[in-house]
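Working notes for the structure below.
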Amino acid sequence: MQLIEVKNLDYSFGEKCVLKDISCQIYKGETWSIIGKNGAGKSTLIKCLAGLLPFNKGSIHIQGLDGKTLRPKDRAKIIAYVPQANARNFAPYTVFDFVMLGRFPYQGLMAFPSDHDVKIVNNAMDLTDTKELAFRLMPTLSGGELQRVFLAGAVAQQTPVLLLDEPSTFLDPLHQELIRKTLQRIHDEFGTVLLTITHDINAALSNFTNVLAIADKTVLFAGTTSEFRKQGPHILEKVFSLKFSEEKFDNGTKPFLIPQEIPS
Amino acid sequence: MRKSPVLQLAGLFIGTMAILFAAPFFGMDFISPFGLNSHPLLKTIVVSLRIPRVLAAFIAGSGLSLCGMMFQAMFKNPLADPFTLGISSGASCGAAATILLGLNGAFFSITYISVGAFAGAAMAMFCVFLLSSFQRAASAITTLLAGIAISFLFSSMLMFMQYLSSLRDSFHIVRWLMGGIEVFGYDQIISMLPFYILGIILIFLKLPVLDQLLAGDDLAQTRGVEIKQTKSVLLFAATVIVGSIVAVCGPIGFVGLMIPHICKMIFKTKHVVLGPACFLSGGIFLVICDTVSRIIIAPAEMPVGVITAMLGGPFFLWLLFFKKAKGLSLD
């Protein structure tokens, strides 16, 4: 089943063109990594999908509905967005209260949580290993904990699509692994489609089913991870303007791609 | 240590009611509720002087405090309040202009000075809103900076007017700027009420949305909040509340900034609880301050604006430094 269809999307910020002629289709059951240089427009694309940026041309259809006219409350039941978590200046909510904020699209005018809401929030915290943080205040969390709490909030939103903006870029290897495991669990449990911006090429290629590579403001590659692997280091060189080499460990089934030094 | 917020609010509500009932009997002379009928004058003092005044103080305190809380959530800034956003100085400027122009009189029992203040408040808020909407994604900081700039602009216009005015007008303006709840009878309260009630209802209906806004505009929008529409409603509500209050009582500082912080230290951050808490405690705080201002140098009166900071300041500092204040995020 097709969940998201992007057709010839253009986005410019003032005079500056950020995205040009972006097209892709995303189906149920897929998990996508989005790769590209800094400033290539990955976050912009995610924000267009989340309805945060008004794009200039083209169209986005979400479950067949036109993204331009979709009301925020209806969109919030289909797409959840996880920004880069930032603990500084964060309001002193308890973790439980923060995760409960994810139930907003389903609640009435005064947003009083029902028993059902409490159950779903508890489930979301179980799934993301944040149960023991429930009564901690948000500003006291570490980066890794905060990112999992943000994930819990998005899980509580119960959407078929999850957009993630570099969920593990600033985390240590342990917390990166915890995030990977959590995302895997979310996908296994609910079949949630993930669209994740990442700079970790090897993790992207081994954990996700599909790759969307953005270069020169447009889509360079959109397809399955195995197709991407077939093109090996060459396509990565086009994406990042940097040579990569392929090193085979693990009997060679999943070769590692390693960036090369820039010749001086 | 975890107290039920419903119980806390119920306690606050009972306390508020008790103070509201008791306050009219205090003043230059204490009037016993049982001796009301002993002299016809006593009844007149309580009914037509003191009760309206207590009501006006409650309206002003609760409204300013609720607006302050709303601004702090909307702009994600602990320093946002009707003052820093320029609404109060806009209103003051409008009021001073009417004094200077010698417009004494009333328009359907609403004094011209009130009309001027109201117009000034609306103008300031409109400027802030307009300036911040030039940018596609106006950040909270841009709006706040615009507010501060507008505030300075109106303040300097006010000084200019004071400089030009006669000694008598100048004194009148200065006295008005100190803030005071000099309400006689019910006319002025009735002139405030429609705006006040409308604004309070609008803000109360948006309390859960404030939680979302405080978590960040992007996150709020992807959870289904219509950001532009919500902010317009909230700013409109704040303008009518602050405009109507400043028109009658002058700019009263401290309440809008500090009462929300005090409530955040005592209650949880959730706005469904915090809203009623700020509303009630802002109200009683100003009723107490006004009562003190009537007693302290009786038979003369202190401007209530002098008392608010004198009483509230030390209390706030005590909470800030001696109680582990977890709710305050002034980093």
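Checking B:VAL273, B:VAL287, B:VAL242 one by one, the residue that is over 21 Å from B:ALA10 (Cβ atoms) and assigned to a helix (DSSP H, G or I) is B:VAL242 and no other. The set of residues in segment B:209-228 being facing chain A (nearest Cβ under 7 Å), part of a helix (DSSP H, G or I) and either in contact with a Gly (Cβ under 9 Å, 6 or more places away or on another chain) or among the aliphatic types (A, V, I, L, M) (or both) consists of B:GLN212, B:LEU214, B:LEU219, B:GLN221, B:THR222.
Is it the case that some residue within segment A:168-186 is under 30 Å from B:ALA215 (Cα atoms), surrounded by 15 or more Cβ atoms within 10 Å (Cβ to Cβ) and in contact with a strand residue (DSSP E or B) (Cβ under 8 Å, 6 or more places away or on another chain)? Yes, segment A:168-186 contains at least one residue that is under 30 Å from B:ALA215 (Cα atoms), surrounded by 15 or more Cβ atoms within 10 Å (Cβ to Cβ) and in contact with a strand residue (DSSP E or B) (Cβ under 8 Å, 6 or more places away or on another chain). For segment A:125-140, taking the residues that are within 14 Å of another protein chain (Cβ to nearest Cβ) and farther than 14 Å from A:MET100 by Cβ, the one that is surrounded by the most Cβ atoms within 10 Å (Cβ to Cβ) is identified as A:LEU137.
Scanning segment B:137-186 for residues that are buried (at least 19 other Cβ atoms within 10 Å of the Cβ) and of a type in the set (Ser, Thr, Tyr), we see that the one that is nearest to B:ALA117 (Cα to Cα) is B:SER151. Checking each residue in segment A:65-78 for being touching a residue at least 40 places away in the same chain (Cβ under 8 Å) and more than 7 Å from every other protein chain (Cβ to nearest Cβ) picks out A:LYS77, A:ILE78. Comparison of A:GLY223, A:GLY191 shows that the only residue that is closer than 30 Å to A:ALA152 by Cβ, surrounded by fewer than 18 Cβ atoms within 10 Å (Cβ to Cβ) and not charged (D, E, K, R) is A:GLY191. Considering segment A:33-56, the residues that are touching a residue at least 40 places away in the same chain (Cβ under 8 Å) and among the aliphatic types (A, V, I, L, M) include one that is nearest to A:LYS77 (Cα to Cα), namely A:ALA50. The single condition among (1) more than 14 Å from chain A (Cβ to nearest Cβ); (2) more than 21 Å from the chain's Cα centre (by Cα) that B:THR143 does not meet is (2).
Annotation: A:LEU9 fulfils all but one of (1) surrounded by 14 or more Cβ atoms within 10 Å (Cβ to Cβ); (2) of a type outside the set (Ser, Thr, Tyr); (3) within 9 Å of chain B (Cβ to nearest Cβ); the unmet one is (3).
Residues checked against (1) in contact with a helix residue (DSSP H, G or I) (Cβ under 8 Å, 6 or more places away or on another chain); (2) among the aliphatic types (A, V, I, L, M); (3) within 13 Å of A:LYS42 (Cβ to Cβ):
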{"position": "A:GLY191", "(1), (2), (3)": "no, no, no"}
{"position": "A:ALA203", "(1), (2), (3)": "yes, yes, no"}
{"position": "A:VAL211", "(1), (2), (3)": "yes, yes, yes"}
{"position": "A:ILE214", "(1), (2), (3)": "yes, yes, yes"}
{"position": "A:GLU227", "(1), (2), (3)": "no, no, no"}
{"position": "A:PRO233", "(1), (2), (3)": "no, no, no"}
{"position": "A:SER241", "(1), (2), (3)": "no, no, no"}
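No lab work stands behind these numbers, since they all come straight from the coordinates. Because the structure is a prediction, the values reported are computed rather than measured. Please note: Cβ atoms are built from the backbone with ideal geometry, for glycine as well, and neighbour counts cover all protein chains shown.
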